[in-house]
Structure formats: structure tokens, C-alpha cells
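Student: Pasting a structure below so you can have a look.
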Amino acid sequence: MNSREENLHIAEVIGVWVTVFTILIGGVFAVIQYVEFKEAQRIDRALEFIDRYQSNGYFIDARIRISQALDDNLPSISEILKNPDFNDDELSKSYNAEILKMVDKESLGTSLEQLFNFYEQSLMCKDMGLCEAIVLESFIDNDAGSYTRTFYPFICSLRKEWNNPDVFVRVTNFYIASSEELCS
């Protein structure tokens, strides 16, 4: 092999390696772009949920009605919770009855169902990796946890009424640590 052929061979090898290196860098760049795109999509979906929650008139009205009902019924609920004569079972039964009485008296059933359905959807979106979890947690979880812990007797009554132990199970499992025995 003469020096010209040797130089051509070296140039060919260098060209192949430059091409391979360029393809690898392009691939890494494409993967990074794809991951960033997917992250942006998860954030956008989470923001769509938040927008629905904070600007949908029905959700706003539901939360206002529920908050007003809680304010109006807080003295009777507090009286039950502070009663030193109740054992755990009596406390639970009295609290459940008071919450169900309030839901019925204030006609909160539909509002609560809609909110719990929304919370289930947001948790499902988060669990499936379609929505950015930290965004949803920042804007929704506080309300969802409070409503779930307060109105679990309503969820239990729906389970019994509909003969379906899985009604809002995702919500109760996420927001109430001991939800397995919640409705027993």
C-alpha cells in the first residue's frame, strides 16, 4: 500500500467514526428533547386539571357550598368530637351520622360526588404518569385530603347504597392512611 492509499484509508476510517459519533450525539440529543417534551406535556396536563378545578363554576360553587355547610355545622360536629363520654366506636358512629345528616340537610351529595370524581381523575392521571405529580399535589391535594377525611362517611354510604366497595377507593386509599377498614 502506498502513502496515498494509506491516507485515503485513514480518511475513510476517520469519516466512519465521525459519522458514528455524530449519530450518537444526535441520538442523545433526540432522547433529551423527547424527555423534555414528555415532561412539558405532563405539566400541561396537570395545569389543565388545575385550571378546571380553579375556574370551573361548578367546582367553585361546590367548594363554596361545602365550606359554608361545614361552617354552619361546625358547632355540632365539634360537640361530637370533643365529647369525652364517647368511646371510639360511639365517636365514629356519631360523627358518621352527623356528617350524613349535614350532607342530606344541605343537599351536598351531588357536589361531593363531582369533587371526588375529579380527585379520582387527577390521581389516575398522576398514577399513570400522564400528569406531573408535584404540580397536582401543590394545587389539589390539600383540598382533596381535607374533603376526603371529613366526608368519608358519605363515601361509605355510597358504597353501601351502590353495593360497590370500590366507590372512590383511589381517593380514600391515597388521602386516608387506614382506608381498608374505613367503612367496616
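The values are calculated or read from the model by the stated rules, or taken from the named source; none is laboratory data. What you see is a predicted model; the values in this text were computed from it and never measured. Please note: Cβ atoms are built from the backbone with ideal geometry, for glycine as well, and neighbour counts cover all protein chains shown.
Student: Report whether or not ALA69 is closer than 25 Å to LYS160 by Cβ, under 26 Å from the mean Cα position of the chain (by Cα) and in a helix (DSSP H, G or I). Full working, then the answer.
Tutor: Working: closer than 25 Å to LYS160 by Cβ: yes; under 26 Å from the mean Cα position of the chain (by Cα): yes; in a helix (DSSP H, G or I): yes.
It is true that ALA69 is closer than 25 Å to LYS160 by Cβ, under 26 Å from the mean Cα position of the chain (by Cα) and in a helix (DSSP H, G or I).
Student: Only residues that are under 27 Å from ALA40 (Cβ atoms) and among the charged types (D, E, K, R): list them for region 128-155, please.
Tutor: Within region 128-155, the subset under 27 Å from ALA40 (Cβ atoms) is 128-144.
Residues satisfying the conditions are GLU132, GLU137, ASP141, ASP143.
Student: Let me ask you something else. What number goes with the only condition from (1) under 21 Å from ARG63 (Cα atoms); (2) surrounded by 12 or more Cβ atoms within 10 Å (Cβ to Cβ) that LYS105 does not pass?
Tutor: (2)
Student: On the given criteria, is ALA133 among the aliphatic types (A, V, I, L, M), modelled with pLDDT of 90 or more and in contact with a Lys or Arg (Cβ under 7 Å, 6 or more places away or on another chain)? So that I can check it myself, show each step before the final result.
Tutor: Details: among the aliphatic types (A, V, I, L, M): yes; modelled with pLDDT of 90 or more: yes; in contact with a Lys or Arg (Cβ under 7 Å, 6 or more places away or on another chain): yes.
Criteria met by ALA133.
Student: Applying the selection to region 81-109, what residues are among the aliphatic types (A, V, I, L, M), farther than 19 Å from SER184 by Cα and either touching a Leu at 6+ places or on another chain (Cβ under 9 Å) or assigned to a helix (DSSP H, G or I) (or both)? Spell out the reasoning first.
Tutor: Looking only at region 81-109, we keep the residues that are among the aliphatic types (A, V, I, L, M), and these are 81, 91, 97, 99-100, 102-103, 108.
Okay, now just the ones that are also farther than 19 Å from SER184 by Cα, so 81, 102-103, 108.
Once the filter is applied, which keeps residues that are among the aliphatic types (A, V, I, L, M), farther than 19 Å from SER184 by Cα and either touching a Leu at 6+ places or on another chain (Cβ under 9 Å) or assigned to a helix (DSSP H, G or I) (or both), region 81-109 yields LEU81, MET102, VAL103.
Student: Still on this structure, I have one more. Out of (1) within 19 Å of ALA46 (Cα to Cα); (2) part of a helix (DSSP H, G or I); (3) of a type outside the set (S, T, N, Q); (4) more than 10 Å from the chain's Cα centre (by Cα), what's the single condition that is false for TYR119?
Tutor: If we test TYR119 against (1) within 19 Å of ALA46 (Cα to Cα); (2) part of a helix (DSSP H, G or I); (3) of a type outside the set (S, T, N, Q); (4) more than 10 Å from the chain's Cα centre (by Cα), just (4) comes out false.
Student: Could you please give the count of residues in region 153-167 that are closer than 18 Å to PHE118 by Cα and touching a Leu at 6+ places or on another chain (Cβ under 6 Å)?
Tutor: Of the residues in that region, 2 qualify.
Student: Taking region 128-181, which residues are assigned to a loop (DSSP other than H, G, I, E, B) and surrounded by 17 or more Cβ atoms within 10 Å (Cβ to Cβ)? Can you show your working first?
Tutor: Filtering region 128-181 for residues assigned to a loop (DSSP other than H, G, I, E, B) gives 128-132, 140, 163-168, 176-178.
Passing the criteria: CYS131, GLU132, ILE140, VAL167, PHE168.
Student: While we're on this one: For residues that are under 21 Å from the mean Cα position of the chain (by Cα) and either surrounded by 13 or more Cβ atoms within 10 Å (Cβ to Cβ) or modelled with pLDDT under 75 (or both), tally how many sit in region 45-66. Break it down into steps so the answer makes sense when it comes.
Tutor: Within region 45-66, the subset under 21 Å from the mean Cα position of the chain (by Cα) is 45-64, 66.
Next, only the ones that are either surrounded by 13 or more Cβ atoms within 10 Å (Cβ to Cβ) or modelled with pLDDT under 75 (or both) stay: 45-47, 49-50, 52-53, 56, 58-59, 62-63, 66.
Looking only at that region, the number is 13.
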